[in-house]
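The values are calculated or read from the model by the stated rules, or taken from the named source; none is laboratory data. The model shown is predicted, which means the values in this text are computed figures rather than measured ones. Heads up, the Cβs are rebuilt from the backbone with ideal geometry, glycines too, and the neighbour counts pull from every protein chain shown.
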Amino acid sequence: MCYSIPMKRQLVLVIVLLFVTSALSSGLDLVSVDSYPTELSIAWSNVEGAAFYDLYLDRVPVKRVRDGLSATLGSEHAPLEAGRSYEVIIVARREGDVDLASIARSVATAPRYAAEFGLVATKATACSIEVTWTMIEGADYYDVYLDQVAMGRVRDGWRATIGSNDDPLSSHRQYEVMVVARTRGDRELAFASAVVETGGWEGHYRWVNQTKSTNKGKATQLDFRVSTIDGELRIEGLYDQWYDLFPLVEESMIGHQFDYDGKSSFESAYRNNVQTFNTTSIKPVWWKVVSSTSTANSCTVDVRSRARGIEVVTRSTYRFVVTDEGKRELHFTTTADGIAALSIFRSPNKGEEGVFKALMI
C-alpha cells in the first residue's frame, strides 16, 4: 500500500504538510468520495502541469498516482478501520517533486454494520458489474444473483464483481442484480436488487510503436475505430483510409475466393493488413475468409490464402479488455499455421509479449 520514501524525506514532508494545504489549495478539490467499511474511493480535480498526485492518509504517504484523477485507499490485504475518520491529503506535483497545489479533507469510512440492508452502489464496465451493499448484524453471508442465477456467496464482505475479461458480461445489456443477506442455515434476513446496464467498447484505440523495429516503417502506429451496429461490434482500421476489419466480408461471402489485387473495399482492407504485418516480400495469389466469429469481448477472423503453391490459414483476433484502472484496451494478434508463423510481425514493445495493445484515446 505504501511506496518508499527515504526517512529524511518523510520527516521533511510531515513538517511541510502542516502548512502546505493552506498555501497551495488553489486549483485542487475533491470531486467525489465513496465511503465503505474498509476503503475510501476518492476522485479529485485536474491541476494543470501536474505530473503526478501524492496521496497521504493521516499524513503518511500511501500512493502516487501518475495516470488518473482517482484512487482507492485501503484494500482487502490492508483494510482501513470501519467507522473511523481519516485525514486525506492530496498534493499535485510536477517532476522534481515541485508542489503545485494541495488539499486536505477529513473523510470517514462507513460503519461496519448499517441499520438497514441495501445496495450502496453499482458500477458497470463493458464486461462486468461491481455491486456494494451495507452489512447488517446477524448476517453470516451475502448471496449474489444475476438475472436470478446464483453468482457467488460473500462471507463477511460488502462487495462483489460479476463478470471479468476472461468471463465477460455482454456489453450494452441490462441485468438485474440481487443480493440476499442470510444466516447459517440459509435463513433470509433481507434482500435488495437493482437493474444495471453494462457499458460498451465503442471508441478510438491506438497502438504506438515504442521501438525501432517497425517492419520497414510499416508498423509505427495502429489505429482502430470501434462501433456497434444492430447490436454487433464493428472494427475499422486506418491505413490510407478507414477500412472494415471486422466483419471483413459479409456473411454471404464467407468461403468465396478473392484475388489479392482486387479493387473492392474489403479486398483493399485485406491487402493493407497483409502489407503491414507480413515481414517477407511474398504476396498471396488469392484469399478467402473461412470463419468469422465473435463473443462478448472478442472478434476473430480466419483467412485461408495461397502463395507460391502453399496454402496457409491466418487468424486475426481482436480482444477487448478493461484494465485494473478501469481503462479500455483493444488487444490485437495475428497468428498463422506452419512456417508462415515466422513471417508475421508482432508487437516489439516491451511487456506486450507480441500482442498489439491499443489504448483508448
Region 315-324: number of residues that are exposed (fewer than 14 other Cβ atoms within 10 Å of the Cβ) and either in contact (Cβ under 8 Å) with a residue 12 or more places away in the chain or part of a strand (DSSP E or B) (or both): 0
Residue that is nearest to E329 (Cα to Cα) [pool: residues in region 217-249 that are assigned to a loop (DSSP other than H, G, I, E, B) and of a type in the set (V, I, T)]: T220
Selection count where residues are of a type in the set (F, W, Y) and out of contact with any strand residue (DSSP E or B) (no Cβ under 9 Å at 6 or more places or on another chain), scope region 35-49: 0
Residue match in region 245-252 (condition: surrounded by fewer than 20 Cβ atoms within 10 Å (Cβ to Cβ), assigned by TED's automatic domain parsing to the domain that holds F356 and touching a Phe, Trp or Tyr at 6+ places or on another chain (Cβ under 8 Å)): no
Selection status of T214, part of a strand (DSSP E or B) and polar (S, T, N, Q): no
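Each row is one residue, and each column tells you yes or no for (1) surrounded by 19 or more Cβ atoms within 10 Å (Cβ to Cβ); (2) assigned by TED's automatic domain parsing to the domain that holds V321; (3) among the acidic types (D, E); (4) over 25 Å from the mean Cα position of the chain (by Cα).
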{"residue": "P61", "(1), (2), (3), (4)": "yes, no, no, yes"}
{"residue": "S70", "(1), (2), (3), (4)": "no, no, no, no"}
{"residue": "E87", "(1), (2), (3), (4)": "no, no, yes, yes"}
{"residue": "R93", "(1), (2), (3), (4)": "yes, no, no, yes"}
{"residue": "V98", "(1), (2), (3), (4)": "no, no, no, yes"}
{"residue": "I103", "(1), (2), (3), (4)": "yes, no, no, yes"}
{"residue": "K123", "(1), (2), (3), (4)": "no, no, no, no"}
{"residue": "A126", "(1), (2), (3), (4)": "yes, no, no, no"}
{"residue": "T132", "(1), (2), (3), (4)": "yes, no, no, no"}
Any hit, region 13-26, residues being within 30 Å of A115 (Cβ to Cβ), in the same structural domain as S70 (by TED's automatic domain parsing) and either modelled with pLDDT of 95 or more or in a helix (DSSP H, G or I) (or both): no
Residues of region 73-106 that turn out to be acidic (D, E) and in contact with a strand residue (DSSP E or B) (Cβ under 9 Å, 6 or more places away or on another chain), as a count: 4
Residue that is nearest to T198 (Cα to Cα), among those in region 160-185 that are hydrophobic (A, V, I, L, M, F, W, C) and over 23 Å from the mean Cα position of the chain (by Cα): M178
Filter pass, R304 being modelled with pLDDT of 95 or more, under 30 Å from A124 (Cβ atoms) and among the basic types (K, R): no
Tally, over region 62-82, of residues that are of a type outside the set (G, A, S) and farther than 19 Å from A43 by Cβ: 4
Selection count where residues are surrounded by 14 or more Cβ atoms within 10 Å (Cβ to Cβ), in contact with a Cys (Cβ under 9 Å, 6 or more places away or on another chain) and not in a loop (DSSP other than H, G, I, E, B), scope region 274-300: 1
Checking T334 against (1) free of Cβ contacts under 8 Å to residues at least 40 places away in the same chain; (2) hydroxyl-bearing (S, T, Y); (3) touching a Ser or Thr at 6+ places or on another chain (Cβ under 8 Å), the condition it does not meet: (1)
R206, sole failed condition from (1) touching a residue at least 60 places away in the same chain (Cβ under 8 Å); (2) outside any strand (DSSP E or B); (3) among the charged types (D, E, K, R): (2)
Unique residue being among the basic types (K, R) and touching a residue at least 60 places away in the same chain (Cβ under 8 Å) when the list is K327, K288, K350, K283: K350
Residue within region 305-314 that is touching a Leu at 6+ places or on another chain (Cβ under 9 Å) and part of a strand (DSSP E or B) present: no
Search result, residues across region 42-87 that are out of contact with any Leu (no Cβ under 8 Å at 6 or more places or on another chain) and assigned to a strand (DSSP E or B): F52, D54, V60, S70, S85
From D244, D302, D259, residue being charged (D, E, K, R) and more than 26 Å from V355 (Cβ to Cβ): D259
